[in-house]
Amino acid sequence: MPLLGFLSLMAGAGMLYSSGQLAERAGEWETHVEITGRLIGVILLLWGVRLVAGRFARAGSKVGRLNRNRVMLPREGMMYLLIMIVAFVASLIGRSNMLMLVFSIMAGPFIVNGWVTFSLLRRNQVQRRVSPRAMCGETISVEVSLRNRKLWFSSWLMLVRDRVGRSSGGSNRETSAEIGLEPTVLFASVRPGTERTACYQLRLNRRGHYLFGPLEVSTRFPLGLVERGFVIDQRGEMLVYPQIGILSSRWYRESQLAAEMVERQQTRKGMFEDDFHHLRNFRSGDSPREVHWRTSARMNELMVQEFHQSRDQGLIVLLDLWQPDRPSDSDTERVELAVSFAATICIDHLRQTRGVEQVLSICGRQSTSLRYTTTGYAVESLLDTLALVEGGPANGLAEAMTEASRLMSSLVRCVLITTRRDGGELAQQLPCDNLPHLEIIHSEYEHLAQWFTLDRSSPNPPSEFQQNERLQQPVSTEQAEVAAP
């Protein structure tokens, strides 16, 4: 329950209870004092109910009507209002004109501050621009623009607060996210008819689907006694890809040794079946068919095309994201490590090979199978899928291994990445006999260290955001840290 709402409810109940006693001491003004006291008590009660209802409406996925325009008092305003109430009650009980004059003098700035903040918030338009995709651990810039559509008055000290939360529903885009970060940007002054742009920098250290919004605009200008604001139900979405590591030389060396040890029965029909390597000068004994005449004419000397035999292998990756019903932190960390390793080897294979097929079978909460032969869209689609996968019972692993055995050949490398700790139990439950060359890799730091590395200079780096305001050039920069979602 908000503190201001609680104070309003208590003050309203107190005014209704004491209005009769105050009216007895008012003399000939008894009726007017009683009516005024009861009216103030009812207003305070309604205001408290509105604040409490607005807080519960804010907790929902959509912005409630009671919370769309809000009024609250900062700590300074509460103290100021408390002094005003004490002066007002004391002037009525003690029949002191001086205290009533003090109350009137203090009420003037309080009312003026409320009117000014209401005028500043009118005809303001706020927009957010966020990238739809980002990489885990990288710094993301989110732009927030504020446009003042008033004709005469500037907007002073406008604070825009955003909300960023990670969706717990995976691929379900309608699932609401818990608020984890609340970055803010401050606009010192926005002149009439102009627009200013601010940005905050955000670093998200967990992959998944993130939701942005709603945006909340508020101001306390000029005295800081009353804060008014409004909420804009403007949503945004972002997919955070898993972290990509660096494969070690041992991974490439064993892949190359496996390709050279396999006996291939292939017939070469001509040089055009090989991959182009480079151009070199003509040497005696070279075939005239290998001369690249266009380059030779430009260089004014004979240039020969040189080819090398293609040894690209296909790749089958079986991603076993097994996880218990109540996973611990270590279980979740193994799932994230397995996803990062699978993304690393799949993207590296797509970039290093050409014309071969890659198969990725994911078994976790749900089973998914992907097949690619080219890069470009394949990389984006692959990362989109890996950003949303979650650990689970992995019931479809046996079917995935059966399908992999059907696609297996001497030109394909098959890798199983598993989060299970007991390798013997895995071999008993699954048909590993059909895949004699299957490479089983356990998702443990000690085991994966020989294959690839992640940038983990900070084991659990906190999510952070940096905010700065700019019109054409950066004006100011502030830094702050908040807890990771």
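Quick check on my filter: what residues within segment 75-112 are over 30 Å from Phe153 (Cα atoms), surrounded by fewer than 17 Cβ atoms within 10 Å (Cβ to Cβ) and of a type in the set (Gly, Ala, Ser)?
Once the filter is applied, which keeps residues that are over 30 Å from Phe153 (Cα atoms), surrounded by fewer than 17 Cβ atoms within 10 Å (Cβ to Cβ) and of a type in the set (Gly, Ala, Ser), segment 75-112 yields Ala90, Gly94, Ser96.
Open to solvent by 10 Å² or more (accessible area, probe 1.4 Å), out of contact with any strand residue (DSSP E or B) (no Cβ under 8 Å at 6 or more places or on another chain), within 23 Å of Leu388 (Cα to Cα) and in contact (Cβ under 8 Å) with a residue 40 or more places away in the chain: is that true of Arg334 in this structure?
yes
Being over 12 Å from the mean Cα position of the chain (by Cα), open to solvent by 50 Å² or more (accessible area, probe 1.4 Å) and at pLDDT 90 or above narrows it down to one of Glu195, Glu216, so name that one.
Glu195
Only one of Val231, Val240 is within 23 Å of Ser119 (Cβ to Cβ), touching a residue at least 60 places away in the same chain (Cβ under 8 Å) and either surrounded by fewer than 22 Cβ atoms within 10 Å (Cβ to Cβ) or among the β-branched types (Val, Ile, Thr) (or both); which?
After applying the criteria, what remains is Val231.
For segment 386-406, name all the residues that are buried (at least 16 other Cβ atoms within 10 Å of the Cβ) and under 16 Å from Glu336 (Cα atoms).
Passing the criteria: Leu386, Ala387, Leu388, Val389, Glu390, Gly391, Gly392, Ala394.
Between Asn468, Asn460, which is at pLDDT below 85 and part of a loop (DSSP other than H, G, I, E, B)?
Asn460 is the lone residue from the list that is at pLDDT below 85 and part of a loop (DSSP other than H, G, I, E, B).
How many residues are of a type in the set (Phe, Trp, Tyr), more than 31 Å from the chain's Cα centre (by Cα) and at pLDDT 85 or above if we restrict to segment 294-326?
Total satisfying the criteria: 0.
Restricting segment 421-450 to residues that are open to solvent by less than 40 Å² (accessible area, probe 1.4 Å) and within 21 Å of Thr332 (Cβ to Cβ), which is modelled with the lowest pLDDT?
The qualifying residue modelled with the lowest pLDDT is Gly423.
Could you grab the pairs with beta carbons closer than 7 Å, sequence gap of 6+ or different chains, first residue in segment 113-129 and over 13 Å from Thr219 (Cβ atoms), second one part of a strand (DSSP E or B) and open to solvent by less than 30 Å² (accessible area, probe 1.4 Å)?
Gln127/Ser145; Arg128/Val142; Arg128/Val144; Arg128/Phe212; Arg128/Leu215; Arg128/Gly236
Anything in segment 113-166 that is part of a loop (DSSP other than H, G, I, E, B) and among the aromatic types (Phe, Trp, Tyr)? List them, or say none.
Within segment 113-166, Trp152, Phe153 qualify.
If I ask for residues that are closer than 19 Å to Arg70 by Cα and either under 25 Å from the mean Cα position of the chain (by Cα) or surrounded by 16 or more Cβ atoms within 10 Å (Cβ to Cβ) (or both), which ones from segment 113-145 would you list?
The answer is Asn113, Gly114, Val116, Thr117, Leu120, Leu121, Asn124, Gln125, Val126.
Quick one: in segment 258-293, which of the residues that are surrounded by fewer than 13 Cβ atoms within 10 Å (Cβ to Cβ) and of a type in the set (A, V, I, L, M, F, W, C) is modelled with the lowest pLDDT?
That would be Phe272.
Looking at segment 342-360, which of the residues that are farther than 12 Å from Arg413 by Cα and charged (D, E, K, R) is surrounded by the most Cβ atoms within 10 Å (Cβ to Cβ)?
Asp348
Condition (residue is assigned to a helix (DSSP H, G or I) and surrounded by 15 or more Cβ atoms within 10 Å (Cβ to Cβ)) applied to segment 361-381: is it met by at least one residue?
So far as segment 361-381 goes, yes, one or more of its residues are assigned to a helix (DSSP H, G or I) and surrounded by 15 or more Cβ atoms within 10 Å (Cβ to Cβ).
The values are calculated or read from the model by the stated rules, or taken from the named source; none is laboratory data. What you are looking at is a predicted structure, and each value in this text was computed from that prediction instead of being measured. Neighbour counts run over all protein chains shown; Cβ positions are idealised from the backbone, glycine included. What goes into the accessible areas is simple: the full protein's heavy atoms, side chains included, and nothing from ligands, DNA or RNA. Shrake-Rupley method; radii C 1.70, N 1.55, O 1.52, S 1.80 Å.
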